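These notes are about the structure you will find just below.
The values are calculated or read from the model by the stated rules, or taken from the named source; none is laboratory data. None of these values were measured; they are calculated from a predicted model. Positions of Cβ are generated from backbone atoms using ideal geometry, with glycine treated the same way; all protein chains shown enter the neighbour counts. These accessible areas exclude ligands, DNA and RNA; they are computed on the full protein's heavy atoms, side chains included. Shrake-Rupley method; radii C 1.70, N 1.55, O 1.52, S 1.80 Å.
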Amino acid sequence: MNRWGNASDGRGGKEMNQKKYQDMLAQRTENIFKDWEARGSLTERELYYFLHKLKGTSGTIELQQLSLFCASQLEILSSSNDQKIPVSSLENLKNRIRSHFDGSEAVKKEEFQLPDCYINQLDQETFILIIDDDLEFVSYLKELLEKMGAQVIISLNGKRGIEQFYSMRPSIILVDTKLPDMSGFEVLDQIADTARQKNTMVALTSEQATKENEIESYRRGAMDFIPKPFDMDIFFPYLFNRQQRQHAISSSIITDSLTGIGNRRYFDEVINNFAKKADQSDTTFSLVMVDLDHFKQVNDLYGHPAGDDVLRKFGEILHDEKREGDYVFRYGGEEFALLFVNLQADEAVHVVERIRNKFNPLSFNSGDQSFNVTFSAGSADYQGDTEELISAADQALYEAKRTGRNRTILYDQRKRMGKRKLMVIIVDDDPF
């Protein structure tokens with residue numbers, strides 16, 4: 001026998017050994033499936049470790065596709081969650097595993113080919129929570145959505161899904177009507193009101209696309225009802241549509257309609273977020289309160305349309321001059337607020353003066369008259385309390401207006417409110 005024959009025999013022997021071990025693994029897997037059937041359910045932790053072991057063993061005996069399939073399922077499972085999973089919901093998963101042993105493609109779903117134009121078309125703020133116990137379906141959908149740029153998190157039961165909704169604050173939620181521990185309708189009952197307040201889109205999904213289920217979905221607060229199996233040619237344009245709608249609503253909620261910058265509601269949200277972050281880390285931030293000087297006279301002398309032009313232009317300059325990561329708001333009337341991340345109050349003053357140099361020279365027109373407007377500002381550092389920060393910036397702003405306007409004052413903690421002069425205005429027609 002020549003050396004080539006020996007090599008061939010070696011390969012043949014190795015292939016026979018691999019086939020033997022593959023058959024042994026297939027039989028062992030079937031025994032585990034039978035044990036599952038007898039029990040009726042297993043925990044997510046148990047399923048995780050089953051797939052983890054199957055991944056390692058299948059990769060060792062040249063079942064690479066099975067190993068990759070197990071790896072994709074592991075991405076959406078938790079090794080520490082003891083929530084029960086009904087065995088009936090794992091039928092597709094079991095069939096997919098079997099198909100890798102026998103080489104059959106009959107049970108493999110025809111995969112949707114994601115068009116190139118969909119890649120990374122969802123922005124990074126698109127955070128999708130899928131509450132569904134069909135492991136194969138959710139892993140497949142997760143892969144497609146992540147290619148589109150979304151962040152995706154999976155819950156295999158309703159209880160965990162509700163917890164993740166409140167802790168993770170997703171922007172879109174897909175909930176199956178049939179879950180192992182409760183119905184999708186019961187999940188809706190616990191999240192619908194908060195989701196509506198937070199402008200979170202909730203859609204119920206179901207293989208039972210009956211008129212009754214659809215009516216119940218809308219009655220309990222879902223925005224949409226999507227039949228299963230998903231028609232992907234429709235689903236993704238639908239997703240883009242809902243994302244655009246969310247952006248439009250969110251923008252209208254947090255944006256001042258006249259100036260286009262953040263409104264008072266958004267200011268309250270952002271300053272609290274800044275404070276939480278600063279309290280948990282070494283970061284800091286400062287606040288500048290701004291007030292346009294003699295603005296009532298502008299409205300009285302030149303009319304409210306002219307006053308609106310001033311406000312719009314000032315908002316535009318604030319937006320253009322702020323740094324990346326900073327925020328600007330119309331606090332109310334002619335008062336504005338600026339939040340500077342990782343910038344001390346004395347450094348923020350320099351940014352405010354740059355804004356002043358842009359705004360003060362501007363000439364506004366009303367008929368054949370022209371006029372200029374200035375502003376006063378007060379700057380303060382966050383010291384652990386947002387109410388005290390706002391009060392400090394307000395005090396500095398008052399000092400700027402009291403001492404001549406058209407200037408920025410840095411809050412001095414050593415100066416107490418007792419030093420403020422009390423201004424009394426007496427309105428009376430009696431000269432005595």
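Is it true that L114 is open to solvent by 10 Å² or more (accessible area, probe 1.4 Å), of a type in the set (A, V, I, L, M) and assigned to a loop (DSSP other than H, G, I, E, B)? Answer is yes for this residue. For segment 146-172, which residues satisfy the criterion of being in a helix (DSSP H, G or I) and either hydroxyl-bearing (S, T, Y) or touching a residue at least 24 places away in the same chain (Cβ under 8 Å) (or both)? Listed by number, the residues that qualify are K147, G158, K159, R160, G161, I162, Q164, F165, Y166, S167, M168. When we screen N365, N299 for residues that are more than 26 Å from E387 (Cα to Cα), open to solvent by less than 40 Å² (accessible area, probe 1.4 Å) and either at pLDDT below 95 or of a type in the set (V, I, T) (or both), the only hit is N299. Restricting S79, S67, S41, S58 to residues that are open to solvent by 40 Å² or more (accessible area, probe 1.4 Å) and among the small types (G, A, S) narrows the list to S79. Can you spot a residue in segment 199-215 that is open to solvent by less than 30 Å² (accessible area, probe 1.4 Å), part of a loop (DSSP other than H, G, I, E, B) and hydroxyl-bearing (S, T, Y)? Yes, segment 199-215 contains a residue that is open to solvent by less than 30 Å² (accessible area, probe 1.4 Å), part of a loop (DSSP other than H, G, I, E, B) and hydroxyl-bearing (S, T, Y).
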